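Let me begin by presenting the structure, written as structure tokens, before commenting on it.
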Amino acid sequence: MTLRNVVELQSRIASWIGENLKPAKRFNRTYGGSVFLLRYLQREIPEATHEDFKQVMSRVGYLADSQHASDTYSKVYFNVSERSVRKMMEKQDNKNGWRECFKMSRFVVAKRMIGSLEVAIDINVDMVRGFWRVLGKKGILRVQLDNGETVDVLDGDSMIERLLEGREHIVQVFPVVHPLYATYKGDEKSDIERPIRYMGLCANGEVRPLELCSDGLCFADDVDDFIRLHEGEGDKMTKRQVNALEGIDDKLGSISNSLLDASVAIGSMDKNLDNCTSVYKGDDFLRITGDVYTN
């Protein structure tokens, strides 16, 4: 893109901002997200990128809250008026049914090199035809769009690849009915098992176990210590269960010996009673005769 094209693009973005947005005294975390506003900007200026929009917003006087931004997540929040954003949304949503077809869009923030400069770009997954790793270029993922164009992005840790294929994007969450457990590596003696109460259907069709973390639901199989997911209460007993079973053989043996002694005593009593004769006269007890008991 030539310098003249860049200047013209920034001028168009500035005009769109002036026509649709108004400043506010506070950062708007509901309607002031840069990615959220960019989606409406791209309806009228499709070639505008996330970085273009943020730069122009700063140039025309808007402030940005970037405390949640990182190397892989460059979203910021602007001090825009909620009323102006709602007006802009209503105006655009009344055109050509944009709301119905736009709600399903999913964007992935990636990084690419332009000369020696590293910049962040947003990729609409709905427009991705495919992607592959470039031979001879370590950490480079080539993304082909539905218009035939290709974009090379940085993907040293394979995260962008996973984001594009939808493995990290949860489409639906459903509870687990039958008990499931995730096994993690523990110490040398035993592993750790945790119950799984939710499963998540991801955009790539994969169903993955979920755990409740401090910042919401997270993937239970997305850690290095994860071993497997299985049914039931686990193949390994806990330390508490093992302690409860210690010495049970001796206790059962003692109970068995006691029962055997009782059986012998009962048998002896039965034999003695067989050799005894009870003599009755009417209701009066007279005597007991026999080998053991005599009158």
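The values are calculated or read from the model by the stated rules, or taken from the named source; none is laboratory data. Being a predicted model, the structure only gives us computed values, none of them experimental. All Cβ positions, glycine included, derive from the backbone under ideal geometry; neighbour counts span all protein chains shown. With ligands, DNA and RNA removed, areas are computed over all heavy atoms of the protein, side chains included. Shrake-Rupley method; radii C 1.70, N 1.55, O 1.52, S 1.80 Å.
At-a-glance table
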{"item": "Any pair with Cβ under 6 angstrom, 6 or more apart, that starts in the range 166-186 at a residue that is of a type in the set (S, T, N, Q) and ends at one that is assigned to a strand (DSSP E or B) and modelled with pLDDT of 85 or more", "result": "GLN172/LEU201; THR183/GLU193; THR183/ILE227; THR183/ARG228"}
{"item": "Some residue of the range 13-21 being in contact with a Ser or Thr (Cβ under 9 Å, 6 or more places away or on another chain) and of a type in the set (D, E, K, R)", "result": "no"}
{"item": "Which listed residue, of SER34, SER74, SER66, SER81, is at pLDDT 90 or above, among the hydroxyl-bearing types (Ser, Thr, Tyr) and on the phi < 0 side of the Ramachandran plot", "result": "SER81"}
{"item": "Number of the exception - GLU47 against (1) in a loop (DSSP other than H, G, I, E, B); (2) more than 23 Å from ALA110 (Cβ to Cβ)", "result": "(2)"}
{"item": "Residue list for the range 1-41, filter: hydrophobic (A, V, I, L, M, F, W, C), without any contact (Cβ under 8 Å) to a residue 40 or more places away in the chain and closer than 18 Å to GLU90 by Cα", "result": "TRP16, PHE36, LEU41"}
{"item": "Positions within the range 215-253 being outside any loop (DSSP other than H, G, I, E, B), modelled with pLDDT under 75 and open to solvent by less than 90 Å² (accessible area, probe 1.4 Å), in sequence order", "result": "GLN241, VAL242, ASN243, ALA244, LEU245, ILE248, GLY253"}
{"item": "Single unsatisfied condition, ASN204 versus (1) assigned to a strand (DSSP E or B); (2) in contact with an Asp or Glu (Cβ under 6 Å, 6 or more places away or on another chain); (3) modelled with pLDDT under 85", "result": "(1)"}
{"item": "Considering residues of the range 1-36 that are polar (S, T, N, Q) and within 36 Å of the chain's Cα centre (by Cα) only, the residue surrounded by the most Cβ atoms within 10 Å (Cβ to Cβ)", "result": "SER34"}
